[in-house]
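Single-structure report; data block below.
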Amino acid sequence: MFILKDKNVLMTYIVHVGACVGIHFGRGFGVWALYFIKLCTNSMFFISQSGVVKQAIHNMANMAWLTSLFVLCISYSVFAEPSLTETQVGQIKKKLTTLISNYKTTGLSRNGFQALIPNIVRLNFHDCVGGCDGCVNLKNSDNLGLGVSIDPLEKLYKDNKYNKLISRADFWVLAGITALELGSQNLRGRCRRTRSCPKPVLKFQYGRKDCKTAPSTSAKRELPNNHGDLAHLKGYLAKEFDFNERETVAILGAHSLGMSRRNNSGFAGPWAPRRAELSNQYYITLSSGEWTQGNVRRRGRNGARYQWNQGVMTDYVNTTL
């Protein structure tokens, strides 16, 4: 079938390959592929007609490189990363918004607390230590409590078959963006009449790869020492994320969300008064009032575990104080 003299057959094959390349790599790339293949074909015809190389060798070579391109194109079709449209991203965010908004627990306050907002933000940071890959080792004591967000996210991910559209790592990042936006909305509900309200502008980019065992892993990734000093924290974030000092200060502000719990970190208490609001309250609390150290270890437990306290506020990172 693939006889060098039958140029019509070859050109038909070339068009199919070019179209396939164009569909999956982009129209511009497809046109370039067609031009390149045609150039190769014409060159082989020229050599053949000059009698430099035997016809049979040309036929075999021609079949080989055309078939290779075709197989490559088919392989890309099967194993390529899913592509997302803005509409699909919006639909996923709508589902995430419903999940996060409706998931409430009773914490230190009497009112319902949107626990997934801070927990998903924490999940994003812990997952991205060592590379955002949709995998967290829940046996690592640093990750205790992250099952609160992993379990409902996993259910939503599987029930809606999002694996056909988006990796789990990307899904978690999109959940984190949604959580931050909701935290900002919670603040705007209080502050719109008194002062300007911040609104995070976060562009979602996809393309992250899941680890083979997602969402779990046995790998142990080192997180910052919660009693580390300024040099430790700056060094850690610079090495892990290439953060400068300004970015290091900024990411600490995420502690305006959520609280620490004894059964997770061993510490207890919130960092800011309103745990589901993304604000600058964490910095305000740090810079005002008097802080004292106290033992947070429950009675009957061996040893002591100290943290900084200011009323009901708590902080266990020496860096910030």
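Coordinate-derived values only; no laboratory data. No experiment lies behind these values; they were computed from the predicted model shown. Ideal geometry is used to build each Cβ from the backbone, glycine not excepted, and the neighbour counts take in all protein chains shown.
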Provide the net charge surrounding Y236, with neighbours chosen by a C-beta distance below 15 Å and charges set as Lys +1, Arg +1, Asp -1, Glu -1.
-4
Rounded, prolate or oblate: pick one for region 221-278, where a ≥ b ≥ c are the square roots of the eigenvalues of its C-alpha gyration tensor, a/c under 1.5 means rounded, and failing that, prolate if a/b is larger than b/c, else oblate.
oblate
Scoring only Lys, Arg, Asp and Glu (+1, +1, -1, -1) among other residues with Cβ under 14 Å from the Cβ of P118 yields +3
Mean Cβ neighbour count within 10 Å, used as a protection proxy, ranking 93-103, 168-178, 236-246, 134-144 highest first:
168-178, 134-144, 93-103, 236-246
For an R0 of 25 angstrom, estimate the FRET efficiency from the Cβ-Cβ distance between E86 and N280 and round to the nearest 0.05.
0.20
